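Presented below is the structure to which this report refers.
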């Protein structure tokens, strides 16, 4: 019996040693825990972090809007929530009477951060000191050259008087000069007259004070519908059909300090412009919204007809070509300083963005 107990004790010791040895061996073979691997941040996450460091982050952005159909992308970005989708708190801000001078002053004085405007109106101010960055080509169209319906005039001819509003060197004078230049005329071969109020230009034609007038389509299309005038040149037809008329302009100091905010503003307005362009149904909804808000006057049908004339949400190549061509033409026409370095101007004002 004693021998049996000793045998059991020996067997127990052997089993214990084997178990201990196995445990030690297994522990030795187990690799140490791998260090935690940090997942690289996505480009969107990195951009979000950088955006939070910008001075404009979390502030109310002042978007210039003065009620024209040309700026419909801005109004729709606000009313349809495109700004909100970008995380932006935006408000629409009027710039005095909406003239080029008033809008330029609002930008220069920091009253607004950005607005939409016509290339024909911006190029002279940006070469004379106002600091702007163009980021988006918003649409084609805007203005046309009109004659009386029963006139025998079909094109510019030397010695004609061309009427416009907005002042010598203003938007419509500049558009007229480009119309003429592309038809092979120098500015001195035509007589240019400013009649101040654009709405009076129908009377100017009827009174024989001008042979041709340059007018916004938003004003003159009703004269066309009434059978009073017809177009001989237009920014939405012929040689001009593929040119950007209006661009988004952002205050230079704002853009430089807030590049991501500027991109978000641009993308919201670009997407809104593309939405308008997508269908007649969208154009009708846009017109209805603008009328309900009191941003425009008239009827939905009239606004839709105007919106159908323009192409909204232009690609980067179209916007760039239009801006660069305008800079070259304006120098040749003497609208901007003929001694200016056009390449410097182009680099200063154009900031193309990937907005898709």
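The values are calculated or read from the model by the stated rules, or taken from the named source; none is laboratory data. Keep in mind that what you see is a predicted model, and the values were worked out from it rather than measured. Cβ placement follows ideal geometry from the backbone for every residue including glycine, while neighbour counts extend to all protein chains displayed.
Based on this model, can you work out whether residue 301 counts as more than 19 Å from the chain's Cα centre (by Cα), assigned by TED's automatic domain parsing to the domain that holds residue 69, outside any loop (DSSP other than H, G, I, E, B) and under 30 Å from residue 50 (Cα atoms)? In short, no.
Just to be sure I understand, how many residues within the stretch 151-167 are crowded, with 17+ Cβ neighbours inside 10 Å and modelled with pLDDT under 95? Break it down stepwise before answering.
First pass over the stretch 151-167, keeping only residues crowded, with 17+ Cβ neighbours inside 10 Å: 156, 160, 162-166.
Checking the rest, the ones that are also modelled with pLDDT under 95 come to 166.
Qualifying residue count, the stretch 151-167: 1.
Identify all residues within the stretch 225-241 that are in a loop (DSSP other than H, G, I, E, B) and touching a helix residue (DSSP H, G or I) at 6+ places or on another chain (Cβ under 8 Å); write none if there are none. Lay out the reasoning, then the answer.
We begin by selecting, within the stretch 225-241, every residue in a loop (DSSP other than H, G, I, E, B); these are 226-228, 235-237, 241.
Hits for the stretch 225-241 are 228, 235, 236.
Only residues that are surrounded by 24 or more Cβ atoms within 10 Å (Cβ to Cβ) and not in a strand (DSSP E or B) were counted across the stretch 130-150, and they come to 2. Are any of the residues in the stretch 274-292 under 27 Å from residue 173 (Cβ atoms) and assigned by TED's automatic domain parsing to the domain that holds residue 94? Looking through the stretch 274-292, none of the residues is under 27 Å from residue 173 (Cβ atoms) and assigned by TED's automatic domain parsing to the domain that holds residue 94. From the list 324, 295, 270, 302, pick out the single residue that is touching a helix residue (DSSP H, G or I) at 6+ places or on another chain (Cβ under 8 Å), surrounded by 13 or more Cβ atoms within 10 Å (Cβ to Cβ), in contact (Cβ under 8 Å) with a residue 60 or more places away in the chain and more than 23 Å from residue 215 (Cα to Cα). Residue meeting the stated conditions: 270. When residue 25 is tested against the conditions (1) in a helix (DSSP H, G or I); (2) modelled with pLDDT under 90; (3) closer than 30 Å to residue 265 by Cα, the lone failure is (3). With respect to the conditions (1) under 26 Å from residue 124 (Cβ atoms); (2) more than 18 Å from the chain's Cα centre (by Cα); (3) not in a helix (DSSP H, G or I), residue 295 lacks only one, and its number is (1). Only a single criterion out of (1) at pLDDT 95 or above; (2) surrounded by 13 or more Cβ atoms within 10 Å (Cβ to Cβ) is not satisfied by residue 108, namely (1). Residue count for the stretch 191-204 under the criterion of being in contact with a helix residue (DSSP H, G or I) (Cβ under 9 Å, 6 or more places away or on another chain) and in a helix (DSSP H, G or I): the result is 4. Out of 67, 73, one residue alone is crowded, with 16+ Cβ neighbours inside 10 Å, at pLDDT 95 or above and under 21 Å from residue 235 (Cα atoms). It is 73. Inclusion of residue 188 among residues that are more than 30 Å from residue 314 (Cα to Cα), outside any loop (DSSP other than H, G, I, E, B), out of contact with any strand residue (DSSP E or B) (no Cβ under 9 Å at 6 or more places or on another chain) and without any contact (Cβ under 8 Å) to a residue 60 or more places away in the chain is warranted.
Here is a yes/no grid of residues against (1) surrounded by 18 or more Cβ atoms within 10 Å (Cβ to Cβ); (2) on the phi < 0 side of the Ramachandran plot:
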site	(1), (2)
264	yes, yes
284	no, yes
306	yes, yes
313	yes, no
316	no, yes
336	yes, yes
344	no, yes
352	no, yes
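Within the stretch 205-221, how many residues turn out to be surrounded by fewer than 19 Cβ atoms within 10 Å (Cβ to Cβ) and over 27 Å from the mean Cα position of the chain (by Cα)?
Let us first name the residues in the stretch 205-221 that are surrounded by fewer than 19 Cβ atoms within 10 Å (Cβ to Cβ), namely 206-209, 219.
Imposing the further condition that a residue be over 27 Å from the mean Cα position of the chain (by Cα) reduces the set to 206-209.
Selection size over the stretch 205-221: 4.
Residue under question is residue 329, and the condition is that it be at negative phi, over 13 Å from the mean Cα position of the chain (by Cα) and at pLDDT 95 or above; does it hold? Answer is yes for this residue.
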